[in-house]
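The values are calculated or read from the model by the stated rules, or taken from the named source; none is laboratory data. All values reported here derive from a predicted model rather than from experimental measurement. All Cβ positions, glycine included, derive from the backbone under ideal geometry; neighbour counts span all protein chains shown.
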Amino acid sequence: MKTTELILLICGGTLFLCSLAFMFLLFKKDKPMTKMIWFMILSFIMMGFSVISEANVVGLFEYKKEEVLLDVESLTNALAKCPENEEIKDQLAKKVNLYVEKEEEPETKKPEEIKKIGTALIALGNDEKAISYSDKILAKDTSNQVAKDVKKFAQTHQYIKEMPTSTEDRRKLARKIAVNIEELEKSPTVQKEQLIQLKNMYRKTVTEIKKTESQ
C-alpha cells in the first residue's frame, strides 16, 4: 500500500469514528443528523480509495488501450532503473495482463505495441510469456522483426540462466549466446538498459564457468 493510500485510510477511519460519535450525540439530543451523513460518505470514500485505485489498475473501469500502453512503457522504464522494486513489478504485471486479455487478436497489433509489451515481459523476467507472446505474433506474420527480437532476447536470457553441466555443451551455448547478443545489439527495437543487463549477466556467467573449469 502506498503512503498516500495509508494516510487516506487512517484519516478516513478517524473521520468515520468521529462521525459515529457525533451522530450518537445528535441522536441523544434528538437533533437532525443529515449533515453527518455526508461526513460518513466522505470517510468511506477515503478508506476505499486504495480499493478504487486497485480496481482502476486491473481494468474494472473503462479500458483505454493507449493509456494502458503508456503506463506499460512508463513502468517498464521505471523498472529498468529500479529492477528490484516489487511495487513497480506488480503494477507493470497487471497492466500487461490487462492489455493481453483485452487485445486477443495478434494480427491487429502494431510494431510499437509489440515492442512495449515484449519489453515489459522481459523486464518482468517472464521469458516463457515473452516467447509465447512473440510466437502468437509470428504465427500471423513470420517476418515481424520486433516479435523476432523479443523472442530472441527471452530465449538468450533463458540460455544464460540454464547453462548445461557439460563443458562442451556450455561452450557451444556460450558461443550461441554471444552471437545472439551481437545481433540484438544491432536491433533498434531492443531496450538498451535491458541489453546491458543481459550482457552483464552473460559476462558473469562466463567468468564463473572459467573459474569452475580452471579448478
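General observations
- Residues located in the stretch 87-130, provided they are acidic (D, E) and either within 23 Å of K64 (Cβ to Cβ) or modelled with pLDDT under 90 (or both): E87, D90, E101, E103, E104, E105, E107, E112, E113
- Where K95 falls short, out of the listed (1) surrounded by 17 or more Cβ atoms within 10 Å (Cβ to Cβ); (2) among the charged types (D, E, K, R); (3) within 20 Å of Q197 (Cβ to Cβ): (3)
- The set of residues in the stretch 158-200 that are part of a helix (DSSP H, G or I) and touching a residue at least 60 places away in the same chain (Cβ under 8 Å) comprises E193, Q194, Q197.
- Residues satisfying the stated conditions in the stretch 1-12, i.e. at pLDDT below 75 and closer than 11 Å to F44 by Cα: L8, L9, G12
- Cβ pairs under 9 Å, 6+ apart, first in the stretch 128-146 and touching a residue at least 40 places away in the same chain (Cβ under 8 Å) and surrounded by fewer than 23 Cβ atoms within 10 Å (Cβ to Cβ), second part of a helix (DSSP H, G or I) and not basic (K, R): Q145/P111
- Here P32 fulfils each of the conditions (1) in a helix (DSSP H, G or I); (2) of a type outside the set (F, W, Y); (3) at pLDDT 65 or above apart from (1).
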